[in-house]
1. If the Cβ limit is 6 Å and pairs must be 6+ apart or interchain, which residue in region 91-117 that is in contact (Cβ under 8 Å) with a residue 60 or more places away in the chain and charged (D, E, K, R) pairs with which residue that is assigned to a helix (DSSP H, G or I) and crowded, with 22+ Cβ neighbours inside 10 Å?
2. Give, as residue ranges, the helices (runs of 4 or more DSSP H) completely inside region 82-161 that count at least 2 residues that are under 14 Å from the mean Cα position of the chain (by Cα).
3. Out of the residues in region 59-90 that are without any contact (Cβ under 8 Å) to a residue 24 or more places away in the chain and either buried (at least 19 other Cβ atoms within 10 Å of the Cβ) or β-branched (Val, Ile, Thr) (or both), which is farthest from residue 233 (Cα to Cα)?
4. For residue 199, indicate whether it is within 23 Å of residue 93 (Cα to Cα) and free of Cβ contacts under 8 Å to residues at least 12 places away in the same chain.
5. Please go through region 203-223 and give me each residue that is in contact with a Leu (Cβ under 6 Å, 6 or more places away or on another chain) and surrounded by fewer than 21 Cβ atoms within 10 Å (Cβ to Cβ), ordered by number.
6. Which condition number in (1) free of Cβ contacts under 8 Å to residues at least 40 places away in the same chain; (2) within 17 Å of residue 162 (Cβ to Cβ) is the one that residue 11 fails?
7. Of all residues in region 28-42, which are modelled with pLDDT of 95 or more, loosely packed, with under 11 Cβ neighbours inside 10 Å and in a loop (DSSP other than H, G, I, E, B)?
8. Note down all Cβ pairs under 7 Å where the first residue falls in region 224-239 and is outside the structural domain of residue 169 (by TED's automatic domain parsing), the second is part of a helix (DSSP H, G or I) and charged (D, E, K, R), and they're at least six residues apart or on different chains.
Amino acid sequence: MAETLNFSGHETFHCRPFWLKKGHDFLQQQRSFSDDSAVAYLGVGKNMVTAIRFWMKAFGMADDNQLTDLAKKLLADKGWDPYLEDLGSLWLLHYHLVKERHASIASIVFTELRDRVPEFTVKQYADYVISEIPRSNAKTLEKDFGVFVRNYRDKDEELDDLAGLLADLELVSMTKVDAEDEADRKARRVYYIERKRRATLPARILLYAILDSHPEGLSLSLTTMMDPVGQMFALDKEGMTELLTEVDKNYKGITFARNSGVYELQFKQRPDRWTILSDHYAQR
């Protein structure tokens, strides 16, 4: 587990579906989140301005007050998907949320905890982090966990909140708990992230993530791609194989085949990851 981790900064607000576009348009005008005018321009309270700034960085859309290349390509008015109507865009954002580690819980849950403890409570999560980093504060971890869950869950009676930005990915499941006391309900609730085939994950978004995570090499084994990319998308080997077979069919210079008993993704020449994303959005 990395030494520098973040479990706060979002002011306990999960990311609303329209916040990234708001943040993009704000920064595009050469504004700063620390400006006094930010509250009026964004039309939210001061704490929400802080939260928007946090989520822009967490999703890889900005580094402080500077937009990233991905944000410009995705969220500009004439960009690939400024209003995040394509489910592939949500998978792309999920990948960057886990990769960036600014909201550290996403990386911990998807690439560490989930494979060790497939079903976990908020206390088990907090205990795991504290076992790795003893100085961590349990209350802070539990609040951060609540924000993480709301990012991935629909609005319902259990959570009593607005749907999270990534709810449509259906990545995080939870058990219903019968208890009158709300605190008891939350404490006993069990969460799980099943590794399986992901029918809504576009093959090109997966390929982008593989190229981004493994920036070198003309051959990548299935085992190499399962860690960390397969973990990030909660894919099992069958799901990964199915998507990479689709990649093979779509690109003449890319093959996915079994060599000497090992499945490998091979490139005649490594494709540009931005071109792969552009290809995805051209299919819309």
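1. Taking only residues 6 or more apart or on different chains, the pairs are 101/107.
2. Qualifying helices (runs of 4 or more DSSP H): 87-100, 104-108, 138-152.
3. 68
4. On the way: within 23 Å of residue 93 (Cα to Cα): yes; free of Cβ contacts under 8 Å to residues at least 12 places away in the same chain: yes.
When the stated conditions are applied, residue 199 passes them.
5. Within region 203-223, 203, 214 qualify.
6. (1)
7. Hits for region 28-42 are 29, 30.
8. 226/237; 231/115
The values are calculated or read from the model by the stated rules, or taken from the named source; none is laboratory data. Bear in mind the structure is a predicted one, so any value in this text is a computation, not a measurement. Note that we place each Cβ from the backbone using ideal geometry, even for glycine, and neighbour counts take in every protein chain shown.
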